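Here the structure is laid out as structure tokens; the discussion comes afterwards.
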Amino acid sequence: MRLNLAPEVATITASAQGEQVLELLAQDLLSKARCARLTTAHGVIDTPAFMPVGTQGSVKGVSPRELRELNAQIILGNTYHLFVRPGLDVIKHFGGLHKFINWDGPILTDSGGFQIFSLSKLRKITEDGVEFQNHVDGARAFISPEIAMEIQATLGSDIVMALDECIPYPCEYDYAAQSAEMTTRWARRCKEWREENAQRPTSNGQRSIKDAAAVASVVSADTRSLRTAHPTARQLLFGIVQGGTFEGLRKQSAQAIVELDFDGYAIGGVSVGEPEAEMMRAVESAEPFLPKDKPRYAMGLGTPPQLLEMIARGMDMFDCVLPTRLARNGTAFTDTGTLNLKNAEFARDKPPIEENCVCPACRGFSRGYIRHLVKTEEILGLRLITLHNLRFYLELMNQARAEIERGAFDQFRKTFVADYKTRDAMMIE
Ligand SMILES: [Zn+2]
């Protein structure tokens, strides 16, 4: 069955496709770095932007209030995880993802594809979609491009991603080529689903947006039928460029996806274990074909130097689990590299993790105390490092924006990358 969106939502969604969602504010002269403002239904995002990852509907260990205090403007939710637990019917019951997790700012959801390919068992990919057994209880489910759109409409996120196939590294050319072409066909289906549902006339002509939340919409996901509780106004749809590490395929994929005219463009299939030089080349191969007036999102990246290199290559948005995942391992980010606070050298260290940092950890606690908390597996230790690391990533984006605006980004990037010593323990697991 098809979603039956309220007409007001349809109007806003349709108009969003014609209106400018990205306002370019400054362009670096020596690189492709730019700063801009991206408008979403739940607020404005200053780019370059870092999006903390809320895998299970929670940025691990951090409350929404704390995210606000860190000036996080947007967070990411993983559709696959939320689909498996608690399930869409529960999130719908609470009125959508924003209400369920008590976050009223912008949310980007992925399509679920990446986790289906990396976590689930017994997956079978066909032109139609992906059949899989989830990694929690082994229940079977099926996600098609259309179902991925319906699920994200149910979640009510501000930015939704088209379903793509994320190929592993390394990957044969022929498979990468066929996969990228299928990703384009899937992207077209996502776009068509959007257009059909945005333009579909309904009998609920005079309903308000508030009433629209009660309008029945049916999701035919797997064997369950679900009613959408929270149709989203101005949900932006991003297409994803694939093509592996092959320059020609990246170019073709970018051209084909841009041809479909999305609200924004992501570069997927990077940071999947390939050498850093290959990752940079994948982005460089696709970027010239992306329109300048749309946001560009480099998915799943990366270390602080990698983020600055990606900004220099024209990317605007990033998400990465490193600041939260490494925090749980006792690792803190600083301007000169990472510190592993488990190390004995910090036992009697009185300064904060980083001088001049205004995060809750650095305002009140010494490295020695945080080391003690980590060594004794106190939850506070992991939380303090997480807050510091998130603030570090968000502040890096603030600095990047300021340097782009004053025309000094290229020097800032070079100096930062040169001073940043840590190269080990930085790979994404
Ligand atoms: Zn700090």
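The values are calculated or read from the model by the stated rules, or taken from the named source; none is laboratory data. No experiment lies behind these values; they were computed from the predicted model shown. Backbone-built Cβ (ideal geometry, glycine too); neighbour counts: all protein chains shown. Note: areas computed on protein heavy atoms with side chains; ligands, DNA, RNA excluded. Shrake-Rupley method; radii C 1.70, N 1.55, O 1.52, S 1.80 Å.
Can we say Cys359 is under 20 Å from Glu69 (Cα atoms) and in contact with a His (Cβ under 6 Å, 6 or more places away or on another chain)?
yes
Being in a helix (DSSP H, G or I) and open to solvent by less than 10 Å² (accessible area, probe 1.4 Å): is that true of Ala332 here?
Judged against the criteria, Ala332 is not a match.
Against the definition (open to solvent by 10 Å² or more (accessible area, probe 1.4 Å), in a loop (DSSP other than H, G, I, E, B) and of a type in the set (S, T, N, Q)), how does Ser285 come out, yes or no?
no
Give the number of residues within the range 272-321 that are in contact with a strand residue (DSSP E or B) (Cβ under 8 Å, 6 or more places away or on another chain) and closer than 20 Å to Ser118 by Cβ.
Residues in the range 272-321 being in contact with a strand residue (DSSP E or B) (Cβ under 8 Å, 6 or more places away or on another chain) and closer than 20 Å to Ser118 by Cβ: 11 in total.
For the range 78-113, enumerate the residues that are in contact with an Asp or Glu (Cβ under 8 Å, 6 or more places away or on another chain), within 20 Å of Ile147 (Cβ to Cβ) and of a type outside the set (Val, Ile, Thr).
Within the range 78-113, Asn78, Tyr80, Leu108, Ser111, Gly113 meet the criteria.
As an exercise: evaluate Gly314 against (1) in contact with an Asp or Glu (Cβ under 6 Å, 6 or more places away or on another chain); (2) within 14 Å of the ligand (Cβ to nearest atom); (3) open to solvent by less than 10 Å² (accessible area, probe 1.4 Å) and give the number of the one condition it does not meet.
All conditions are met except number (2).
Could you pull out the residue among Arg363, Arg383, Arg348, Arg328 that is in contact with a helix residue (DSSP H, G or I) (Cβ under 6 Å, 6 or more places away or on another chain), among the basic types (Lys, Arg) and at pLDDT 95 or above?
Arg348
Output the number of residues of the range 354-374 satisfying the condition of being assigned to a loop (DSSP other than H, G, I, E, B), of a type outside the set (Asp, Glu) and near the ligand (Cβ under 10 Å from one of its atoms).
Of the residues in that region, 5 qualify.
Can you pull out the residues in the range 321-342 that are away from the ligand (no atom under 15 Å from the Cβ) and closer than 26 Å to Arg65 by Cα?
Val321, Leu322, Arg325, Arg328, Asn329 - these are the residues of the range 321-342 that are away from the ligand (no atom under 15 Å from the Cβ) and closer than 26 Å to Arg65 by Cα.
Please return the ranges of strands (runs of 3 or more DSSP E) entirely within the range 106-160 where 3 or more residues are within 16 Å of the chain's Cα centre (by Cα).
Where strands (runs of 3 or more DSSP E) fall fully within the range 106-160 and carry at least 3 residues being within 16 Å of the chain's Cα centre (by Cα), they are 107-109.
I'd like the full set of residues that are closer than 17 Å to Gln306 by Cβ and either among the basic types (Lys, Arg) or open to solvent by 30 Å² or more (accessible area, probe 1.4 Å) (or both), limited to the range 318-329.
Val321, Arg325
Tell me yes or no: at least one residue of the range 389-407 is among the polar types (S, T, N, Q), away from the ligand (no atom under 12 Å from the Cβ) and more than 26 Å from the chain's Cα centre (by Cα).
Looking through the range 389-407, none of the residues is among the polar types (S, T, N, Q), away from the ligand (no atom under 12 Å from the Cβ) and more than 26 Å from the chain's Cα centre (by Cα).
Report, by residue number, each residue of the range 33-57 that is in a loop (DSSP other than H, G, I, E, B) and either touching a strand residue (DSSP E or B) at 6+ places or on another chain (Cβ under 8 Å) or crowded, with 17+ Cβ neighbours inside 10 Å (or both).
Once the filter is applied, which keeps residues that are in a loop (DSSP other than H, G, I, E, B) and either touching a strand residue (DSSP E or B) at 6+ places or on another chain (Cβ under 8 Å) or crowded, with 17+ Cβ neighbours inside 10 Å (or both), the range 33-57 yields Ala33, Ala41, His42, Pro48, Pro52, Thr55, Gly57.
Within the range 107-133, track down each residue that is open to solvent by less than 10 Å² (accessible area, probe 1.4 Å) and out of contact with any His (no Cβ under 7 Å at 6 or more places or on another chain).
Once the filter is applied, which keeps residues that are open to solvent by less than 10 Å² (accessible area, probe 1.4 Å) and out of contact with any His (no Cβ under 7 Å at 6 or more places or on another chain), the range 107-133 yields Leu108, Thr109, Ser111, Gly112, Gly113, Ile116, Gly129, Val130, Phe132.
Name the single residue that is farthest from Val59 (Cα to Cα) among those in the range 88-105 being within 20 Å of the chain's Cα centre (by Cα) and assigned to a loop (DSSP other than H, G, I, E, B).
For the range 88-105, the residue satisfying everything is Gly96.
Just one of Gly248, Gly243, Gly314 is at pLDDT 95 or above, of a type outside the set (Ser, Thr, Tyr), farther than 25 Å from Val44 by Cβ and under 20 Å from the mean Cα position of the chain (by Cα); which is it?
After applying the criteria, what remains is Gly243.
Give me the residue from the range 343-353 that is more than 9 Å from the ligand (Cβ to nearest atom) and closer than 24 Å to Pro304 by Cβ and, out of that set, surrounded by the most Cβ atoms within 10 Å (Cβ to Cβ).
Selected residue: Phe346.
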